[in-house]
Structures are given as structure tokens and as C-alpha cells.
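Structure, as C-alpha cells:
The values are calculated or read from the model by the stated rules, or taken from the named source; none is laboratory data. No experiment lies behind these values; they were computed from the predicted model shown. With ideal geometry, Cβ positions are generated from the backbone for all residues, glycine too; neighbour counts draw on all protein chains shown.
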């Protein structure tokens with residue numbers, strides 16, 4: 001199964017929401033906050049239910065920004081992949097066989113250019129563009145890179161999901177529970 005065979009990706013900060021995720025068809029989950037111990041427990045529950053688990057590396061307490069920490073995410077936490085803005089961590093994750101999602105922020109034209117350059121250079125498996133409300137930029141980035149795009153950030157309505165998917169995103173990450181069961 002592909003990690004994004006279901007186009008909605010629950011993104012959670014509160015690990016108590018895991019039970020709600022188990023009731024969805026989501027193929028992947030983004031764990032956005034916590035520490036290495038809570039991440040391990042949550043990851044096991046989600047993986048036992050057949051979900052791919054990506055941890056937002058930059059927001060997990062107890063991790064450094066080095067190869068040993070990425071190895072810890074793979075071997076101790078048991079995640080399938082990481083989400084990060086840090087290019088060096090993308091390269092380490094790829095080397096260790098973890099899936100990687102490079103998160104870029106579309107704040108101005110220079111950030112878009114720099115993001116595209118970083119994506120091409122560091123070869124993440126997937127790219128998450130934020131905010132996910134800019135279909136024209138999703139399409140522009142999709143036309144310039146080979147990686148699949150996940151749109152995230154500020155997505156709060158079904159029509160926004162539809163627009164991002166039509167622009168070329170393969171999935172939408174959202175913390176809005178009411179959107180987790182759309183399909």
C-alpha cells in the first residue's frame with residue numbers, strides 16, 4: 001500500500017486523538033508534537049492498525065539534529081518517515097531508509113524558489129507545501145519537481161481540499177477532524 005493511498009492525512013498535536021484516527025480510512029498520520037517516549041507508544045498503536053506514521057522531527061522533544069537522532073526515530077520510535085524543514089535530516093533519513101517529507105513554507109516568491117532548489121538538491125520522497133491553500137503555487141511546484149506534493153496548513157474546508165488535489169497534490173494534511181473522513 002502507498003502511504004498516501006487515502007488523500008486525507010490526519011495531523012495531530014494531541015496524541016489523545018489517535019483513537020479517532022483509528023476510525024478513519026487514513027493510510028498515513030502526521031504526529032506533530034510530543035516526546036520520544038509518547039511517539040514510540042503512539043507509533044506502535046497506529047502501525048498495528050496498518051497506518052504509515054510520519055513524525056515531525058523538528059517538533060519532537062528529546063531529539064537532536066543529527067544522524068543518531070534520525071536513527072532513533074527509525075529504530076526506537078519505529079516511524080516510517082520524518083517531516084522536516086532541515087535538508088541535512090532529509091539526506092540522513094534517505095540514507096537510513098526512512099521516508100522523508102520536506103516541508104516548505106510559501107511565504108514569498110524567494111521562499112518558493114529556494115524551496116524548489118532545496119527539494120531538487122536533497123531528494124526528499126515527498127514535499128509538503130504550506131499553506132495548502134494556494135493551488136496555483138502547488139501546480140507551479142509540481143511542474144518543477146519530481147516528488148509528490150502534500151498540501152498542508154490552514155486547510156479547513158472540503159472545497160480547499162478539492163482545489164489542492166486538482167492542482168496536483170496527492171494528499172492533504174489537516175488537523176481538522178471533520179475532514180478526516182471525507183472520502
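In the condition set (1) more than 26 Å from residue 165 (Cβ to Cβ); (2) at pLDDT 95 or above; (3) surrounded by fewer than 15 Cβ atoms within 10 Å (Cβ to Cβ); (4) in contact with a strand residue (DSSP E or B) (Cβ under 7 Å, 6 or more places away or on another chain), residue 111 is compliant with all but (1). Residues in the range 94-112 that are in a helix (DSSP H, G or I) and either touching a helix residue (DSSP H, G or I) at 6+ places or on another chain (Cβ under 9 Å) or closer than 25 Å to residue 158 by Cα (or both): 4 in all. Inside the range 39-67, residues that are surrounded by fewer than 16 Cβ atoms within 10 Å (Cβ to Cβ) and under 15 Å from the mean Cα position of the chain (by Cα) make up a count of 2. Based on what the data block shows, is residue 36 over 21 Å from residue 131 (Cβ atoms), modelled with pLDDT of 95 or more and crowded, with 16+ Cβ neighbours inside 10 Å? Answer is no for this residue.
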